Amino acid sequence: MAVKLAYHANCWGPLGGNAVGVTSVTQLTYRTFADMDRAFADIARAGYQGVEIFDGNLLDETPAAMRSKLAQAGLELVSTYSGANFVFPDILAEELARIERVAGAAAEAGATHYVIGGGAKRANGIQADDYQRLGAALDQVGEIARRSGLRAHYHPHLSTIVEGPAEVSKIFGLTSLDFCPDTAHLAAAGGDPAAQVREFAGRVSLVHLKGLQREPFAFTPLDTGDLDNGAVIQALKDTNYSGWVMAELDSWPDPYEGAVRSHAYLSRHFA
């Protein structure tokens, strides 16, 4: 099995978004408020070959400038991450227009993958056809990504309508997108990430590995916490996974130290 190790650049500053998106949905991107030059340098120094960034950080630069930053650090842009509501017909075209803009910029900057989260929880609860709406929207995202030369993946996430294992199985019966498992989010929602990797083995072509501490709730480097990511890695081996493995850690006092610890863990388990 050939795997390459990457890291998400979201740990080097607080997570936020584009405030203009509150009133203009088409501008609603994620962003890490951080020095990306420092993040890229730390990620490369920790031993990773690739990186994922949020769509807002991607759009902060021209694709040429982003390519230059990555080349200077010696990293490959693996993927970018976006989210959207997807279940509200009145704003879906605006959300898809943003995704199309991001996909084009990501491809120009050298990315090969596009990770998508979302599926809004309504104030009054899930409507009967929300999953069908989400699945249909994700298929449109997949077509947008393909036109830009990217492979799109759906990333189940806490706080969306796709959290627990039954919801995960349901949505992948309603969309053709690949599955990007985030081990910590899956486990926190009651899933068994290793079993879910096996269940969807033919549709896993990008992986997010993250540690989880249940009490008090926190995300951690891969070498600590309550989640056995080693079992997930074994499932990847058993299903002949080949491709990028993306370690991720939303927040950590010393981002570089967290990246180093997770890289050592991955190197040990994939040796």
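May I ask you to say which residue of Leu138, Leu158 is under 14 Å from the mean Cα position of the chain (by Cα) and either at pLDDT below 95 or of a type in the set (A, V, I, L, M) (or both)?
Result of the check over Leu138, Leu158: Leu158.
What do you reckon, is Thr29 in contact with a Leu (Cβ under 9 Å, 6 or more places away or on another chain), more than 23 Å from Gly258 (Cβ to Cβ) and of a type in the set (Ser, Thr, Tyr)?
yes
Only one of these is out of contact with any helix residue (DSSP H, G or I) (no Cβ under 6 Å at 6 or more places or on another chain), outside any strand (DSSP E or B) and buried (at least 23 other Cβ atoms within 10 Å of the Cβ): Ala111, Ala107. Name it.
Criteria check complete, one pass: Ala111.
What is the number of the single condition among (1) assigned to a helix (DSSP H, G or I); (2) β-branched (Val, Ile, Thr); (3) closer than 30 Å to Ala194 by Cα that Ile91 does not meet?
Condition (3) is where Ile91 drops out.
So if I check each of Leu77, Leu70, which one is closer than 27 Å to Leu236 by Cα and surrounded by 15 or more Cβ atoms within 10 Å (Cβ to Cβ)?
Answer to the selection: Leu77.
It is to be established whether one or more residues within region 197-216 are without any contact (Cβ under 8 Å) to a residue 24 or more places away in the chain, under 26 Å from Ala46 (Cα atoms), out of contact with any Phe, Trp or Tyr (no Cβ under 6 Å at 6 or more places or on another chain) and not small (Gly, Ala, Ser).
yes
Just to be sure I understand the filter: pairs with C-beta atoms under 6 Å, separated by 6 or more residues or on different chains, first member in region 140-163 and touching a residue at least 40 places away in the same chain (Cβ under 8 Å) and assigned to a helix (DSSP H, G or I), second member buried (at least 22 other Cβ atoms within 10 Å of the Cβ) and not acidic (Asp, Glu). Which pairs pass?
Val141/Ile99; Val141/Ile116; Val141/Ala152; Ile144/Ile99; Ile144/Ala103; Ala145/Ala103; Ala145/Tyr114; Ala145/Ala152
The values are calculated or read from the model by the stated rules, or taken from the named source; none is laboratory data. From a predicted model like this one, the values you see are computed outputs, not experimental measurements. Cβ atoms come from the backbone with ideal geometry, glycine included; neighbour counts cover every protein chain shown.
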